[in-house]
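Data first, discussion second: the structure below is written as structure tokens.
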Amino acid sequence: MSEHGGYIYGKKVLYDFSANLNPLGMPQRVKNAAVLAIQDCEAYPDPFCTRLREQISAHTGLSAEQIVCGNGAADLIFRIISAAAPKRALIAAPTFSEYEKALRAQHCQITSFPLSPQKNFAFDDTILSAIRNMDMVILCTPNNPNGALIPPELMREICRRCEEQNTIFLCDECFLDFVRDGRRFSAYNTRNSQIVILKAFTKTYAMPGLRLGYALFGNKDFARLVQQTGQYWSVSVPAQAAGIAALSETDYLEKTIKLIETQRHFLRNELQALGFHVFPSAANFLLLHSYHPLDRLLRNDGILIRSCANYNGLDTGYFRIAVRSHSENTALLSALRRRT
């Protein structure tokens with residue numbers, strides 16, 4: 001079993017619900033920009049992603065000195081943790097596995113804060129006491145794999161306490177673009193010198209094969225240190241061009257949010273009608289529990305979903321399903337009716 005979703009290689013796949021990508025697909029403008037950039041690939045890419053960072057700066061309001069681009073969000077997770085070299089770190093459970101992997105590479109002592117299935121794996125203020133004596137806190141909003149948001153008032157308090165205790169707070173917001181009024185939930189609203197916000201073009205613009213992410217830093221010196229950590233030419237010429245084009249796709253994002261809202265509601269209701277326990281989500285994916293081996297059953301129909309058995313705090317009964325187009329979601333539901 002692949003450690004992550006989206007592993008389609010060597011399989012007959014008709015529908016991939018294992019990767020949480022925008023169901024609208026990569027915008028044509030972004031594709032065109034990546035293709036045109038091929039003619040510039042006989043030169044090394046700009047290691048500082050100068051033009052891209054300038055565009056992100058205009059988009060976010062932060063200076064370019066506070067922005068670092070990387071070869072996807074996963075690349076930046078490893079670079080940020082390597083640069084910080086924390087001795088003690090706090091992560092949630094369940095959550096994205098790359099945090100733990102990167103922390104273990106630095107021989108960091110990891111504390112996992114358990115999110116309760118009885119509380120729908122939601123964040124609450126009980127996490128605040130766990131922040132004490134940590135060098136780094138890593139949280140994801142909406143959280144992967146369940147899609148729970150950190151409430152704005154709790155986010156403000158986490159940011160405040162991390163600043164007060166000189167704790168680096170890495171907030172992964174790679175799925176926040178799928179949330180209506182997502183900026184209200186961002187750590188950006190309470191940014192300080194300890195905050196790092198992780199973003200990715202991968203999910204929002206359905207371009208995982210191009211590999212492009214970026215991080216926003218409250219501290220320019222830490223941003224400079226992360227820029228100097230890891231491989232020098234981390235972002236290819238086509239990826240940089242695609243990122244610049246993607247930042248102008250405003251209508252595309254609004255269409256995405258509308259589609260996700262409608263189809264998430266439809267898919268959750270239909271899955272619950274089939275008898276599955278489906279957890280509330282604000283993201284473009286749903287976490288459900290089933291006593292059937294759904295991933296193996298659906299593979300016979302050429303459908304991939306994400307088994308969550310390798311998430312800390314979950315077991316073989318948990319599965320994550322991406323929210324796709326209505327026709328794809330209907331195909332998934334039809335297969336589930338046949339197989340269960």
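What follows draws every value from the coordinates through simple rules; no lab data is involved. Everything numeric in this text was worked out from a predicted model, so none of it was measured. Reconstructed Cβ throughout: ideal geometry from the backbone, glycine too, with neighbour counts over all protein chains shown.
So, in segment 189-226, how many residues would count as being touching a strand residue (DSSP E or B) at 6+ places or on another chain (Cβ under 6 Å), of a type outside the set (Lys, Arg) and under 28 Å from residue 22 (Cα atoms)?
10
Candidates in segment 217-258 are the residues that are within 20 Å of the chain's Cα centre (by Cα) and among the aromatic types (Phe, Trp, Tyr); of these, the one that is surrounded by the most Cβ atoms within 10 Å (Cβ to Cβ) is 217. Residues in segment 49-105 that are assigned to a helix (DSSP H, G or I), more than 21 Å from the chain's Cα centre (by Cα) and of a type in the set (Lys, Arg): 51 alone. Residue pairs whose Cβ atoms lie under 8 Å apart, separated by 6 or more positions or on different chains, with the first residue in segment 18-34 and farther than 23 Å from residue 326 by Cβ and the second aromatic (Phe, Trp, Tyr), are 30/205.
Here are some residues: 311, 318, 291, 252. Which one is within 30 Å of residue 47 (Cβ to Cβ) and hydroxyl-bearing (Ser, Thr, Tyr)? Write out each step before concluding.
Numbers: 311 fails: within 30 Å of residue 47 (Cβ to Cβ); 318 fails: within 30 Å of residue 47 (Cβ to Cβ); 291 fails: within 30 Å of residue 47 (Cβ to Cβ).
When all the criteria are applied, what remains is 252.
Cβ-Cβ under 9 Å, sequence separation 6+ or interchain: first residue in segment 98-117 and in contact (Cβ under 8 Å) with a residue 24 or more places away in the chain, partner among the charged types (D, E, K, R) and surrounded by fewer than 18 Cβ atoms within 10 Å (Cβ to Cβ). Which pairs? Final answer for the pair search is 106/87; 108/87; 108/88; 108/135.
How about segment 277-318: which of its residues are over 23 Å from residue 262 (Cα atoms) and of a type in the set (Ser, Thr, Tyr)?
Going through segment 277-318, the residues over 23 Å from residue 262 (Cα atoms) turn out to be 290-302, 307-318.
Selection gives 290, 291, 307, 311, 316, 318.
Could you list all residues from segment 174-194 that are crowded, with 23+ Cβ neighbours inside 10 Å and in contact with a Gly (Cβ under 8 Å, 6 or more places away or on another chain)? Correct list: 174, 175, 176, 194.
Total residues in segment 276-333 satisfying the condition of being within 20 Å of the chain's Cα centre (by Cα), closer than 17 Å to residue 120 by Cβ and either in a loop (DSSP other than H, G, I, E, B) or small (Gly, Ala, Ser) (or both): the figure is 9. Tell me which of these residue 122 doesn't satisfy, since it passes every other one: (1) surrounded by fewer than 21 Cβ atoms within 10 Å (Cβ to Cβ); (2) touching an Asp or Glu at 6+ places or on another chain (Cβ under 7 Å); (3) among the aliphatic types (A, V, I, L, M). Of the numbered conditions (1) surrounded by fewer than 21 Cβ atoms within 10 Å (Cβ to Cβ); (2) touching an Asp or Glu at 6+ places or on another chain (Cβ under 7 Å); (3) among the aliphatic types (A, V, I, L, M), the odd one out for residue 122 is (2). The set of residues from segment 54-106 being in contact with a strand residue (DSSP E or B) (Cβ under 9 Å, 6 or more places away or on another chain) and among the hydroxyl-bearing types (Ser, Thr, Tyr) comprises 57, 60, 95, 99. Would it be correct to say that residue 267 is buried (at least 21 other Cβ atoms within 10 Å of the Cβ) and more than 24 Å from residue 74 (Cβ to Cβ)? When the stated conditions are applied, residue 267 passes them. Within segment 59-90, the set of residues being in contact with a Ser or Thr (Cβ under 6 Å, 6 or more places away or on another chain) and free of Cβ contacts under 8 Å to residues at least 60 places away in the same chain comprises 64, 90.
Among the residues of segment 49-61, those that are farther than 14 Å from residue 71 by Cβ and of a type in the set (A, V, I, L, M, F, W, C) comprise 56, 58.
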